[in-house]
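Student: The following block contains the structure, expressed as structure tokens.
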Amino acid sequence: MSEGEKRIRFKRSSQLRMELLRLRRHRPAMIGLGITLLVLLVAIFAPVIAPHPYDEQNLQRMFEGPSRDYPLGTDAVGRCVFSRIVYGSRIAFLVGIVVVSIEAGIGITLGLLAGYFGGKVDTLISGITDTVWAFPPLVLALGIVTAIGPGLFNVVAAIAVVSWAPFTRITRAKVQSVREREFVEAGRAIGESDASLILRYILPNIMAPNLVLATLTFPSALLTASAMSFLGFGAQPPTPDWGALLNEGREYLRSAPWISTFPGLAILITVLGFNFLGDGLRDAFDPRLKL
Amino acid sequence: MTGMRRYVLTRIAAAIPVVLGATVIVFSIMHLTPGDPVRLILGFERASPERIAEVRAQLGLDQPIYVQYVRWLSGALRGDFGISIAAKRSASQLIFERLPYTLELTATAMLISILLGIPLGVISAVKQYTVVDHVSMAVALFWLSMPVFWLGLMLMLLFGLRLGWLPISGSSGIKSLIMPALTLGLPEIGMLARLMRSEMLEVLREDYIMTARAKGLRELIVMYKHALRNAIISVMVYLFLQIPWLVGGAVVVETVFAWPGMGRLMYKAILTKDFPIVQGVIFVIAILTVLFNLLGDIFTGFLDPRIRYE
């Protein structure tokens, strides 16, 4: 590679490099990344880490406190609380990723359409967005689950269809600012279609704020889903969903507090990790973003 | 004052389609049910054909869908959500009996979050980039990440079961209010402190702050009389918007502490598929959201004349 080529390569990637450098220097973000990766590893290697299968009952050893055999104690039917939490991390990731993907899918699509076409399309989409936004997601999701019935899948679907509004709002605003830029004009001048302009010219330029938003949406999706499981409308036994585990331990709070305490701690740590990471991404990619 | 009047009227006009849209969403909820909602509602109850017909008529489900919607809409706009299937009483009566409890809880929670969150944000901004700032923001993020239901159980474990200071459920006087209000209010500190900090930092960059300092005013006066007073406006608007969200969060908190509010009513209604109650509560919360949004807009418009003429 010649000196000139090197310089060009450096220049092209310099913005992303700057951003990554800023991210690397952001201590909370690195802590958050560490926590997130740790939880991810736990989820991937759950069978190796968990000392027992998550649904293995041992009726001789119910309500035992933490011990060597059962690091975080046992529950009402002698299942290992630690193993259940370890397996629960898989559900937490699954729920978070699915909810965020659906939300981002709906939200970004609507935002692109509203921002690009403007006019009546914008009025209609913005109206729908404002209306959905008038409901706290938890409340509307609970309403939907009343109708379609409880279950993890239903909860995930309900949360996803009620809380995409932030993606639409951010995308719409960004598209409006990008739409009139020279490179889009240039694309239009060489006869690119609307679809091509949206997907190849505009979309890549609105990804940064959406990435930040997705990182910050993950923990809130996890909190909402756990709240619904905690109320008994989400994952059903014996699924080791963290919210459901907390609910199972509620009755025994006095005699066996470990059953509820540790799953809640797992939720708190995971959510904290994602929030730290999301903050760091925001500071690195788009410090002026108000999220 | 005419500018203000026009501004308020435009804001109200803008809120109307949202309310109508909300009625469509709330009305549609019951019709998301796969199969016959009446059978779902009656569940395993060995319902006679007469009972099925009775509930169907009671819910108006024997009518075409648009008639059902119009009937539901005209009822809902007058605060009538139909008859509760479980209690066989007016759903709105049940809801409005419980609403004061929820509002009491929400107001107390909000007070707690204001008293703790705003000072945290201000201190953080004043001491920007110092240890105090970093610690305060870590504390804020900690509360922001808190699962409400877990916090409730932990408070219950500590203050109710271990120390025995506070009752773990019910609503017997001020003592029963403390734990539910802390559970709902403490996680709010996070967002509030972060917002307060960023607004404060923005104001501190303004010219009039420099002017105040150049005049030789004491730093304390600059901070609290000039900066805080201006920064707090958008924080107050945020608080307006936060009220309906807290009312929503009350579903979880009231269930944990058996607090006899609207949220617990909704929780029980979900278990029994009591649609008129569920729809009523959701609609009340949506109306609160629209209302407080409107109040927030009017409040800013009142304090900041520039916004009115946009």
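The values are calculated or read from the model by the stated rules, or taken from the named source; none is laboratory data. Since the structure is predicted, the reported quantities are computational estimates derived from the model, not experimental observations. Counting neighbours? That spans all protein chains shown, and the Cβs are built from the backbone with ideal geometry, glycine included.
Student: In the range B:247-273, which residue that is within 15 Å of residue B:85 (Cα to Cα) and in a helix (DSSP H, G or I) is nearest to the other protein chains (Cβ to nearest Cβ)?
Tutor: Among residues in the range B:247-273 that are within 15 Å of residue B:85 (Cα to Cα) and in a helix (DSSP H, G or I), the one nearest to the other protein chains (Cβ to nearest Cβ) is B:270.
Student: Please determine whether any residue of the range A:114-137 is in contact with a Ser or Thr (Cβ under 6 Å, 6 or more places away or on another chain), in contact (Cβ under 8 Å) with a residue 40 or more places away in the chain, under 18 Å from residue A:154 (Cα atoms) and assigned to a helix (DSSP H, G or I).
Tutor: Yes, the range A:114-137 has at least one match.
Student: Continuing with this model, one more query. Tell me, which helices (runs of 4 or more DSSP H) wholly within the range A:151-200 include 3 or more residues that are among the basic types (Lys, Arg)?
Tutor: Qualifying helices (runs of 4 or more DSSP H): A:165-179.
Student: Among the listed residues A:227, A:221, A:214, which satisfies the condition of being in contact (Cβ under 8 Å) with a residue 60 or more places away in the chain, farther than 19 Å from residue A:102 by Cα and part of a helix (DSSP H, G or I)?
Tutor: Values: A:221 fails: farther than 19 Å from residue A:102 by Cα; A:214 fails: farther than 19 Å from residue A:102 by Cα.
Sole residue among the options that is in contact (Cβ under 8 Å) with a residue 60 or more places away in the chain, farther than 19 Å from residue A:102 by Cα and part of a helix (DSSP H, G or I): A:227.
Student: Do we have residue A:144 as within 14 Å of chain B (Cβ to nearest Cβ), assigned to a helix (DSSP H, G or I) and touching a helix residue (DSSP H, G or I) at 6+ places or on another chain (Cβ under 7 Å) here?
Tutor: In short, yes.
Student: Inside the range B:227-245, can you point out the residues that are more than 9 Å from every other protein chain (Cβ to nearest Cβ) and under 12 Å from the mean Cα position of the chain (by Cα)?
Tutor: So in the range B:227-245, the residues more than 9 Å from every other protein chain (Cβ to nearest Cβ) come out as B:227-243.
Hits for the range B:227-245 are B:238, B:239, B:240, B:241, B:242, B:243.
Student: Another one. Is the range B:226-246 home to any residue that is in a loop (DSSP other than H, G, I, E, B) and on the phi < 0 side of the Ramachandran plot? Working first, answer last.
Tutor: Of all residues in the range B:226-246, those in a loop (DSSP other than H, G, I, E, B) come to none.
The answer is no, given that none of the residues of the range B:226-246 is in a loop (DSSP other than H, G, I, E, B) and on the phi < 0 side of the Ramachandran plot.
Student: Looking at this structure, is residue B:163 within 19 Å of residue B:254 (Cβ to Cβ), more than 7 Å from chain A (Cβ to nearest Cβ) and free of Cβ contacts under 8 Å to residues at least 60 places away in the same chain?
Tutor: no
Student: If a residue has to be touching a Ser or Thr at 6+ places or on another chain (Cβ under 6 Å) and in contact (Cβ under 8 Å) with a residue 60 or more places away in the chain to count, how many in the range A:144-176 make the cut?
Tutor: Result for the range A:144-176: 2.
Student: Has the range A:260-268 got at least one residue that is away from chain B (no Cβ under 11 Å) and either in contact with a helix residue (DSSP H, G or I) (Cβ under 7 Å, 6 or more places away or on another chain) or closer than 20 Å to residue A:74 by Cβ (or both)?
Tutor: No, the range A:260-268 contains no residue that is away from chain B (no Cβ under 11 Å) and either in contact with a helix residue (DSSP H, G or I) (Cβ under 7 Å, 6 or more places away or on another chain) or closer than 20 Å to residue A:74 by Cβ (or both).
Student: Name the residues in the range A:43-74 that are farther than 20 Å from residue A:237 by Cα, part of a helix (DSSP H, G or I) and touching a helix residue (DSSP H, G or I) at 6+ places or on another chain (Cβ under 9 Å), would you?
Tutor: Correct list: A:44, A:49.
Student: Is it the case that the range B:270-278 has a residue that's in contact with an Asp or Glu (Cβ under 7 Å, 6 or more places away or on another chain) and polar (S, T, N, Q)? Can you show your working first?
Tutor: Step one: of the range B:270-278, the residues in contact with an Asp or Glu (Cβ under 7 Å, 6 or more places away or on another chain) are none.
There is no residue in the range B:270-278 that is in contact with an Asp or Glu (Cβ under 7 Å, 6 or more places away or on another chain) and polar (S, T, N, Q).
Student: For residue A:209, indicate whether it is outside any helix (DSSP H, G or I), farther than 23 Å from residue A:38 by Cβ and more than 8 Å from every other protein chain (Cβ to nearest Cβ).
Tutor: Values: outside any helix (DSSP H, G or I): no; farther than 23 Å from residue A:38 by Cβ: yes; more than 8 Å from every other protein chain (Cβ to nearest Cβ): yes.
The answer is no for residue A:209.
Student: Any residue in the range A:104-125 that is closer than 22 Å to residue A:235 by Cα, surrounded by 16 or more Cβ atoms within 10 Å (Cβ to Cβ), in contact with a Phe, Trp or Tyr (Cβ under 6 Å, 6 or more places away or on another chain) and not polar (S, T, N, Q)?
Tutor: No, there is no match, as no residue in the range A:104-125 is closer than 22 Å to residue A:235 by Cα, surrounded by 16 or more Cβ atoms within 10 Å (Cβ to Cβ), in contact with a Phe, Trp or Tyr (Cβ under 6 Å, 6 or more places away or on another chain) and not polar (S, T, N, Q).
Student: Just checking, which of B:227, B:286, B:250, B:269 is at pLDDT below 90 and buried (at least 21 other Cβ atoms within 10 Å of the Cβ)?
Tutor: The match here is B:227.
Student: Picking from B:60, B:35, B:21, which residue would you name as being within 14 Å of chain A (Cβ to nearest Cβ), among the small types (Gly, Ala, Ser) and over 26 Å from the mean Cα position of the chain (by Cα)?
Tutor: From the options B:60, B:35, B:21, the qualifying one is B:35.
The rows are residues; the columns are (1) among the hydrophobic types (A, V, I, L, M, F, W, C); (2) touching a strand residue (DSSP E or B) at 6+ places or on another chain (Cβ under 8 Å); (3) surrounded by fewer than 18 Cβ atoms within 10 Å (Cβ to Cβ).
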{"site": "A:24", "(1), (2), (3)": "no, no, yes"}
{"site": "A:29", "(1), (2), (3)": "yes, no, no"}
{"site": "A:38", "(1), (2), (3)": "yes, no, yes"}
{"site": "A:47", "(1), (2), (3)": "no, no, yes"}
{"site": "A:53", "(1), (2), (3)": "no, no, yes"}
{"site": "A:62", "(1), (2), (3)": "yes, yes, yes"}
{"site": "A:65", "(1), (2), (3)": "no, no, yes"}
{"site": "A:76", "(1), (2), (3)": "yes, no, yes"}
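Student: Let me ask something else. Assess whether residue B:220 counts as being part of a helix (DSSP H, G or I), within 30 Å of residue B:163 (Cα to Cα) and either small (Gly, Ala, Ser) or more than 11 Å from chain A (Cβ to nearest Cβ) (or both).
Tutor: In short, no.
Student: Please count how many residues of the range A:275-291 are more than 8 Å from chain B (Cβ to nearest Cβ) and modelled with pLDDT of 90 or more.
Tutor: The total comes to 2.
Student: Say we look at the range B:134-153 and pick out the residues that are without any contact (Cβ under 8 Å) to a residue 24 or more places away in the chain and not in a loop (DSSP other than H, G, I, E, B); which of these is farthest from the other protein chains (Cβ to nearest Cβ)? Lay out the reasoning, then the answer.
Tutor: Restricting attention to the range B:134-153, the residues satisfying the condition of being without any contact (Cβ under 8 Å) to a residue 24 or more places away in the chain are B:134-135, B:138, B:147, B:150.
Next, only the ones that are not in a loop (DSSP other than H, G, I, E, B) stay: B:134-135, B:138, B:150.
On the way: B:134: 8, B:135: 12, B:138: 7, B:150: 3 Å.
If we take residues in the range B:134-153 being without any contact (Cβ under 8 Å) to a residue 24 or more places away in the chain and not in a loop (DSSP other than H, G, I, E, B), then B:135 is farthest from the other protein chains (Cβ to nearest Cβ).
Student: Out of all the residues in the range B:274-288, which are more than 8 Å from chain A (Cβ to nearest Cβ), under 14 Å from residue A:142 (Cβ atoms) and more than 12 Å from the chain's Cα centre (by Cα)?
Tutor: B:274, B:277, B:280, B:283
Student: If we scan the range B:32-54, do we find a residue that is closer than 21 Å to residue B:93 by Cα, touching a Lys or Arg at 6+ places or on another chain (Cβ under 7 Å), part of a helix (DSSP H, G or I) and touching a residue at least 12 places away in the same chain (Cβ under 8 Å)?
Tutor: Scanning the range B:32-54 turns up at least one residue that is closer than 21 Å to residue B:93 by Cα, touching a Lys or Arg at 6+ places or on another chain (Cβ under 7 Å), part of a helix (DSSP H, G or I) and touching a residue at least 12 places away in the same chain (Cβ under 8 Å).
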